[in-house]
Every structure is written in structure tokens, then in C-alpha cells.
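All remarks here apply to the structure that follows.
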Amino acid sequence: MNLAESVLVRELLRSLDCMKKNPVFVLAVVGLDLLFVIFCTFIYSLVGNQIAAHAVLIANQVSPMLAQGQTGLLAKLFQGSLQPLTVKLLVLVGLFFVLLYVGYVVLQGLAWWFSSQVAQSAHSLRKYVVLFAKLNVLWLVLFAFIKLLDVFLGLRYQLIRKFAPSALNVSAPIITVLFVALGIVVFLSYGRLRAREFLKIPFLQGSGLLAMCVILFLVVWAIVDLFSTARFELRLLVQILFLPIFVLIRVYMIRVVNHVRA
Amino acid sequence: MEKGDWKIVVILAIVLLLAVLLAVNLGRLFSTPVATDVVRQVVNAT
């Protein structure tokens, strides 16, 4: 088969064409992406510092227990003077997730809707935002579950190291693979706003699509990295100038997924 | 964009604003003298 005739190459060229025809929507997505970064930084600086403070206060009391090689630390977190700190920390982490979820649905929901408009995939905004919010509840629960597993296994590893200092951290690469797999499933689900979309895309086309997106991202990363020693203002400008690549990746994915599932 | 879409954008903007307001006040709601001191140390360390 001719390379230019393959779905992956043809849709990439058409995505670029679609972006050229809708510069206002592309700018809107870039603006929303920038706003999302600012929102995350702002929320993290406010809530993240409180979370860090409570984690430090808990760690100050847990560290001597760890040093003594005590077990049953999870139960001890909900006893005595540690209990109010742990409850506060859990409430703060919960609120942090909720705030990030709201910001994500509002800003990224709009960004993905604009991208689907650029990709000529018709949806009403109301229907799109509702579906996007529902879908992301599932992804948030899965993300929180993997994160909890990460924290739980990390604590166990710290304890195991007290008894066997050369013990291998087996859970760390498994958790990383789980996060990457979740990222891929989430990314592919946004094409048609269906959770199990990754199961319905032919394997070769799905792998090709992901490879193309990764290559596009790495090319931009390499270009941005060339300016790593430049002045802060120039680095920021270059990063903003290359933000449309994320619009291209979104538009391209939506077009390919809709094409192979049509 | 359709005519009715602007209403949804305004509602989403209000929701986002409320989330920011909650985040701003969260620090006050949860801060205790000890935690505030630790926050200062964490911020200084980073």
C-alpha cells in the first residue's frame, strides 16, 4: 500500500488542513491549555502546600516508628494524636482531586470540544461536556485507585528495606506501566467519548496512531529542549509557540478514531 | 458555536470561578499555627 494512501498519513495531512481552516478554534484550544496549566499551578500552590505540611507533620511522628521497625503503620495513622492529622490530610487530598477534576472538565472539556469541531466531528457542546464529565469520573476513580496502591506499596517497601536493605522495589515499574496504560486508554477514549474505545480500534492502527502522536510530541520536545539554556522569557515563548502541536495531536486522534470506527 | 452554547460556557466559567474561590479559602479553613509554620518551611525549602 502507498504510504500517502494509508489512514495514518492521510488523516495527519487532513488534520493540518482542518487546523489551517479553523485558526480561531486552534487559538481557543491553545488559550485553554495555557489556562489549565495556570489553574493547576495555582491550585497546587494553595492546596498542595497544605497537603505537604500535613504529610510532613505525619512523617515526623511516623519516622521514629519506621526506624524501630514497627508494623501495622496504616492502623496507627488512625489512632491517637495521628488521627486528626490523617483525617485532615485525606480531606485535603480529596478536595484537591475534586478541584482538579472541576478544572479539568471545564477547561480540557472545552479544549477537546473545540478540537472535535476542528476535526469536523459534530457534537453539541452541552452533550459533549456532560459525556466528558461522566467519562472522567471513571478515569479519576481509576487514577485515585492506582495512586493509593502506589502510596500503600511505597510505604510497605520502606518498611521492607528496614529488614532487607537490598530489597528490590518491584512495585515501582508495575505502577509506572499501570499509569502509562491508563494514559493511553484515557487518550483513546476521548476520540468518541467512550470508555472502551481502545478495545474497538484495530491494534495496528491504534499502535500506529500512538506512535505518530509520540513522535510528534518528541519532535517538539527536542526543539524546545534546544532552548533549555536560553533566557526564561525566550523559553516560555518557544513553549507557547509549540502549544498548537497538542491541538494537532487531539485533532489527529479524533479523526483517525472516527475514521477507523466509521 | 451555536447561540445557546454561550450559556454553557458562562455556566462553566462560573463553576471554575467557584472552584478557585474554594481553593483560595481552603488554606484558611485548614491552616493551624503548626501547619502554617510547616507550610512556610516547605515553601522555603522548595
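The values are calculated or read from the model by the stated rules, or taken from the named source; none is laboratory data. Since the model is a prediction, treat every value here as computed from it, not as a measurement. Heads up, the Cβs are rebuilt from the backbone with ideal geometry, glycines too, and the neighbour counts pull from every protein chain shown.
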Restricting attention to the range A:116-135, and to residues there that are more than 14 Å from every other protein chain (Cβ to nearest Cβ) and surrounded by 14 or more Cβ atoms within 10 Å (Cβ to Cβ), which single residue is farthest from A:VAL30 (Cα to Cα)?
A:LEU135
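Yes/no matrix, rows are residues, columns are (1) without any contact (Cβ under 8 Å) to a residue 40 or more places away in the chain; (2) among the small types (Gly, Ala, Ser):
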residue	(1), (2)
A:ALA164	yes, yes
A:ASN169	yes, no
A:ILE175	yes, no
A:ALA181	yes, yes
A:ARG192	no, no
Unique residue being part of a helix (DSSP H, G or I), over 30 Å from A:ARG261 (Cβ atoms), among the β-branched types (Val, Ile, Thr) and in contact (Cβ under 8 Å) with a residue 40 or more places away in the chain when the list is A:VAL47, A:VAL56, A:VAL30:
A:VAL47
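Let's see how each residue does on (1) within 14 Å of another protein chain (Cβ to nearest Cβ); (2) buried (at least 20 other Cβ atoms within 10 Å of the Cβ); (3) hydrophobic (A, V, I, L, M, F, W, C):
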position	(1), (2), (3)
A:VAL26	no, yes, yes
A:ILE38	yes, no, yes
A:VAL47	yes, yes, yes
A:ALA59	yes, no, yes
Given the conditions (1) over 30 Å from A:PHE198 (Cβ atoms); (2) within 13 Å of chain B (Cβ to nearest Cβ); (3) of a type in the set (Val, Ile, Thr), which single one is not true for A:THR86?
(2)
Looking at the range B:17-35, I want the residues that are within 17 Å of A:HIS54 (Cβ to Cβ) and at pLDDT below 85 and have a partner that is among the aromatic types (Phe, Trp, Tyr) and part of a helix (DSSP H, G or I) with Cβ atoms under 8 Å, at least 6 apart or on another chain. Which pairs are those?
B:ALA23/A:PHE42
Residue count, the range A:89-115, condition more than 9 Å from chain B (Cβ to nearest Cβ) and either in contact with a Pro (Cβ under 8 Å, 6 or more places away or on another chain) or β-branched (Val, Ile, Thr) (or both), comes to 1
A:ILE201 being touching a Gly at 6+ places or on another chain (Cβ under 9 Å) and touching a residue at least 40 places away in the same chain (Cβ under 8 Å):
yes
If you check A:LEU159 against the conditions, is it under 29 Å from A:VAL257 (Cα atoms) and surrounded by 12 or more Cβ atoms within 10 Å (Cβ to Cβ)?
no
